[in-house]
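Asks: Dropping the structure in here first, questions after.
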Amino acid sequence: MELSEQEIIRRDSLKKLRELGIDPYPAAEYKINTTTREIKEKFSGEENNFQEVCLAGRIMSRRIMGKASFAEIQDHEGRIQIYINRDEVCPGEDKTLYNEVFKKLLDRGDIIGVEGFVFKTQMGEITVHVKNFTVLNKSLRPLPVVKKKEGKTYDAFTDPEQRYRQRYVDLIVNPQVKDVFTKRTKIINTMREMFNEYGYFEVETPILQPIPGGAAARPFITHHNSLNIPLYLRIANELYLKRLIVGGFEGVYEFSKDFRNEGMDRTHNPEFTVMEIYVAYKDYKWMMSFTEQICERVALALHGTTKVKLGENLIDYKTPYPRVTMTEAIKEHTGYDISGKNETELREICNTLGIETDPSMGKGKLIDEIFGEKCEPHYIQPTFITDYPVEMSPLTKRHRDNPELTERFELMVNGKELANAYSELNDPIDQRERFEEQLRLSEKGDDEAMFIDNDFLRALEYGMPPTSGMGMGIDRLTMFMTNSSSIQDVLFFPQMKPEKKKVELTEDEKAVMELLKSASPIDLNQLKEQTGLSNKKWDKAIKGLTKNNLAKVEKTEEGLFVEAI
C-alpha cells in the first residue's frame, strides 16, 4: 500500500506516542458529563457554572502559540474552542504532554478527551480551559480541509462521489449533513407515534421470501443451501401484512427494507425503506384522510408549518388534498378518454402521443406509461389520483360503482408518487383470476409481472375482512421534507458502482503516459521512438496501459494511433 506523506507522518506520530507509553486507542470508558451544545446554550459567566467539565471530541483546528494554544473540538452536537496552557497540563518539570504530544504528535482529526472549566475569552467566545487531556484515538488519514472566512466556505468536501462513498468523512467535515438524517429519524418516529395512538401494531415480516409478491417489480434472487431452494429478497411486505389481518389484527404496520433489481437514478435505489399499514374495516376513502393526516403531522413536527420548500416549489401539506380520477387526469392532459379502450386502442394512443411501448405491455402498463409521461409532472401540490383501471391493480378491490376500475389512489407530490393505497381485494376467486392474468403477462415477457402466491390465496379463502392498505416511501418522503434533490442525500450508504482501484504504473508506463499527456492521439511508431524503449519494454508498457483502459490503439487509414483515455 502506497502511503501519502501525511499518512507516513501520522504513522510515525503513532509510533512515538506508543514509545512515550501513551495508548493511542485506549479501551477504558471515558466518562463525559456535558456536550458542546449544552455548554454553549447554558453557560453563564455570572452563575460561574460548568466549572468541572469533561467532554470528548475530534480536533478540527489548532492554533499553536508557544506556551499556550487554542484548538477547536467537535462532538456529536457541535464544536467548541478549547484553551491549553503548557504549565497547567504539565505542572511538573516534565512538559512532554504539551511540548511533544499536543504540539507535535496530535493532528487535525484526532480524538481527545478534555477536563477543565468553561470561561469566555476577551473576544467573547465560550471556551473550555483545559486542565488535563487524554488521547482517545490517533487518526491515520488526514481530513479534507474545509476553510471558512467571513461566512464563506472554501475547499468544501462537496464531490458527490466522495461524499456518498465516504459518508463518515462527509458527516465529520459537513456537519449540516447530519441534520437530514436527524429529520429522517424524526419522520419515522412521528409516524410511529401516530399509528400507536390509533392502537395499531408494529410487526416484522420476512425479507427472504419463497415468492416475491405484493408489487410489480424485478426481484433479487438468492439460494438457500440447506433447503436447496431459490429465495427472493422482499420487493414488498403487503401479502404478509394482509395475512396478519386475516389472523385477526385490527391494524398492522411495518417500516421495511425492500429490494428491487431495477435501475438506479436520483430518485431510485435498489434497497429502500417503505412504510406499509393495513387496517381492517376501512376503505380507500378513509385511507386518503389518514394519509393526509400523516403528511400534515410530519411537516408540522419537522418545520412547525405545513409549507415546505422543495426545489423551486413551496409544497403545502395542509389538509385536505384534491381528488382527481386517473381517467380525468389523462383526459385533461392528453385530450384522450381512456374509458373502455382495449389494448390495441391504447397502443395507438401511445404511438400518437410519442410514448415508447413494447409488445410485453398489457393495458395496465400502457395506461401507466401515458399517465407517467403526460400527467405526473403537473401535480406539484399534494393530490390524490384515484380510481385506477383494473388492469393496473391486481391486488385491489373493484370499484363499487364501476367494475372496470379499482378503489385505489396514489398521492402525487412535486410530480412524483409518494404513497399508494387500496381498498384491498379480499375476494379469493377474483384474486386468483388477477394472478392468472399476471402469469399471462409474464409469459409475454413482462419480467415485472406478479407471481401467483397460493399460500396467500389460501389465507384469503379463510376470509379477510374489508381492509384498506397504504404504502409510503420513507426515502422519498425524507427527500420532500428536507429539500433534497437526490435519494443518495437521504441514505447514509447509498448503492454505488464499484470503486475503481488505483492502477499502479511501471516506470515505462508512466513515461508513455507523460508523452500522451502532451500529444494524444499520436502515431504509434512516433510515440515508441520518443520513449526510447526496447521492443520488449514497449510491448509490455503499451499492453499494460490498454489492459487498464488508460490508453487505446486505433487503426486508421493513416496507420496505428495511440490515444489516452
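Asks: What is the sum of charges, Lys and Arg at +1 and Asp and Glu at -1, for the other residues whose Cβ falls under 13 Å from the Cβ of Lys40?
Replies: My count for the surroundings of Lys40 gives -2.
Asks: Shape verdict for region 507-564, please, from the Cα gyration tensor: rounded (a/c under 1.5), prolate (a/b greater than b/c) or oblate.
Replies: rounded
Asks: From the backbone phi of region 294-307, what are the Karplus-calculated ³J(HN,Hα) couplings (6.51 cos²θ - 1.76 cosθ + 1.60, θ = phi - 60°) in whole Hz, Gly and Pro given as x?
Replies: Listing the rounded values in order: 4, 5, 5, 5, 5, 4, 5, 5, 7, 10, x, 8, 7, 9 Hz.
Asks: Could you tell me the distance between the Cα centroids of region 163-198 and region 512-561, to the nearest Å?
Replies: Centre-to-centre (Cα) distance: 51 Å.
Asks: Right, another one. Computed over the Cα atoms of region 164-257, what is the convex hull's projected area averaged over all directions, in nm²?
Replies: 9.1
Asks: Another one. How would you rank 467-473, 338-344, 360-366, highest first, on the average number of other Cβ atoms within 10 Å across their residues?
Replies: Ranking, from highest mean packing down: 467-473, 360-366, 338-344.
Asks: Quick one: helix 428-443 against the long Cα principal axis of the chain, what's the angle to the nearest 10°, folded into 0 to 90?
Replies: Result, in degrees: 70.
Asks: Go ahead and estimate [θ] at 222 nm for the chain from helices alone: -39,500 (n - 2.57) per DSSP H run with n ≥ 4, summed, over the residue count, rounded to 500.
Replies: Calculated mean residue ellipticity at 222 nm is -10000 deg cm²/dmol.
Asks: In addition: Using only the alpha-carbon atoms, how far is helix 5-19 inclined from the longest principal axis of the chain? Give it as 0 to 90 degrees, nearest 10.
Replies: 70
Asks: Pairs to check: Lys183/Lys363; Lys31/Lys501; Lys501/Lys555; Lys103/Lys186; Lys242/Lys331. Give those whose C-alpha atoms are more than 31 Å from each other in this structure.
Replies: Listed pairs above 31 Å: Lys183/Lys363; Lys31/Lys501; Lys103/Lys186; Lys242/Lys331.
Asks: Please list, by residue number, everything in region 489-518 whose backbone N is under 18 Å from a paramagnetic label point 7 Å out along Cα→Cβ of Ala564.
Replies: 502-518
Asks: Which loop GluC sites (Glu not before Pro) in region 239-332, with loop taken from DSSP, have no more than 10 other Cβ atoms within 10 angstrom of their Cβ?
Replies: Glu312
Asks: A further question on this structure: Using the 10 angstrom Cβ neighbour count as an exposure proxy, how do Phe201, Phe409, Phe157, Phe384 rank, fewest first?
Replies: With the sparsest Cβ surroundings first, the list reads Phe201, Phe157, Phe384, Phe409.
Asks: What FRET efficiency comes out for the pair Lys16/Lys497, r = Cβ-Cβ distance, R0 = 41 Å, nearest 0.05?
Replies: Computed FRET efficiency for Lys16 and Lys497: 0.55.
Asks: Tell me, what ³J(HN,Hα) does each residue in region 261-275 have, in order and in whole Hz, if you take phi through Karplus 6.51 cos²θ - 1.76 cosθ + 1.60 with θ = phi - 60° and put x for Gly and Pro?
Replies: Those phi angles translate into 8, 10, x, 10, 8, 5, 10, 9, 10, x, 10, 8, 10, 10, 9 Hz.
Asks: A follow-up question, please. Of the listed values [x] 29.1; [y] 25.2; [z] 27.5, identify the label whose number matches Kirkwood radius over Cα pairs in Å calculated from this model.
Replies: Calculated Kirkwood radius over Cα pairs in Å: the matching label is [x].
Asks: While we're looking at this one, here's another question. Could you check the spin-label model distance between His268 and Thr344? Points 7 Å from the Cα along Cα→Cβ, value in nm.
Replies: Between His268 and Thr344, the simple spin-label model gives 3.2 nm.
Asks: Can you give the extra length, in nm with one decimal, that the chain gains between Gln381 and Asn225 once fully stretched, where that is 0.36 nm per residue apart less the Cα-Cα distance?
Replies: Length gained, Gln381 through Asn225: 51.2 nm.
Asks: For region 5-143, report the convex hull volume of the alpha-carbon atoms normalised per residue, in Å³, without decimals.
Replies: Dividing the Cα hull volume of region 5-143 by its residues yields 117 Å³.
Asks: Stretch Tyr281-Arg165 to full length: gain in nm at 0.36 nm per residue minus the Cα-Cα span?
Replies: 37.2 nm
Asks: So if I take the centroid of the Cα atoms in region 447-465 and the same for region 243-283, what is the distance between those two points in Å?
Replies: The distance from the Cα centre of region 447-465 to that of region 243-283 comes to 16 Å.
Asks: Relative to the longest principal axis of the C-alpha atoms of the chain, give the angle of the C-alpha long axis of helix 535-547, reported between 0 and 90° and rounded to the nearest 10°.
Replies: Roughly 50 degrees between the two axes.
Asks: Going by the alpha-carbon gyration tensor, a ≥ b ≥ c the square roots of its eigenvalues, is region 263-373 rounded (a/c under 1.5) or, if a/c is not under 1.5, prolate (a/b greater than b/c) versus oblate?
Replies: Prolate, since a/c reaches 1.5 and a/b exceeds b/c.
Asks: Identify, among Ser485, Met496, Pro466, the residue whose Cα sits farthest towards the positive end of the charge dipole of region 452-499, taking +1 on the Cβ of Lys and Arg and -1 on the Cβ of Asp and Glu, with the dipole about the Cα centre.
Replies: Projecting each Cα onto the dipole axis, the largest value belongs to Ser485.
Asks: Next question, about the same structure. Could you check the simple spin-label distance between Lys547 and Asp447, using points 7 Å along Cα→Cβ, in nm with one decimal?
Replies: Those two pseudo-labels are separated by 3.3 nm.
Asks: Report ³J(HN,Hα) in whole Hz for each residue of region 323-328, in order, from the Karplus equation J = 6.51 cos²θ - 1.76 cosθ + 1.60 where θ = phi - 60°; Gly and Pro get x.
Replies: Karplus values, whole Hz, x for Gly and Pro: 10, 10, 6, 4, 4, 5.
Asks: Now for a separate question. At 7 Å along Cα-to-Cβ for each site, give me the label-to-label distance between Cys54 and Glu38 in nm.
Replies: Those two pseudo-labels are separated by 1.2 nm.
Asks: OK, next. Straight-line reach from Lys40: which lysines fall under 17 Å, measuring Cα to Cα and dropping same-chain residues less than 8 apart?
Replies: Excluding near neighbours in sequence, the set is Lys120.
Asks: Another question, then. Subtract the Cα-Cα distance of Asn132 and Ala519 from 0.36 nm times their separation in residues, and report this length gain in nm to one decimal.
Replies: Answer, rounded to one decimal: 133.4 nm.
Readers should treat all values here as calculations from the given coordinates under stated rules, not as data from a laboratory. What you see is a predicted model; the values in this text were computed from it and never measured. Please note: Cβ atoms are built from the backbone with ideal geometry, for glycine as well, and neighbour counts cover all protein chains shown.
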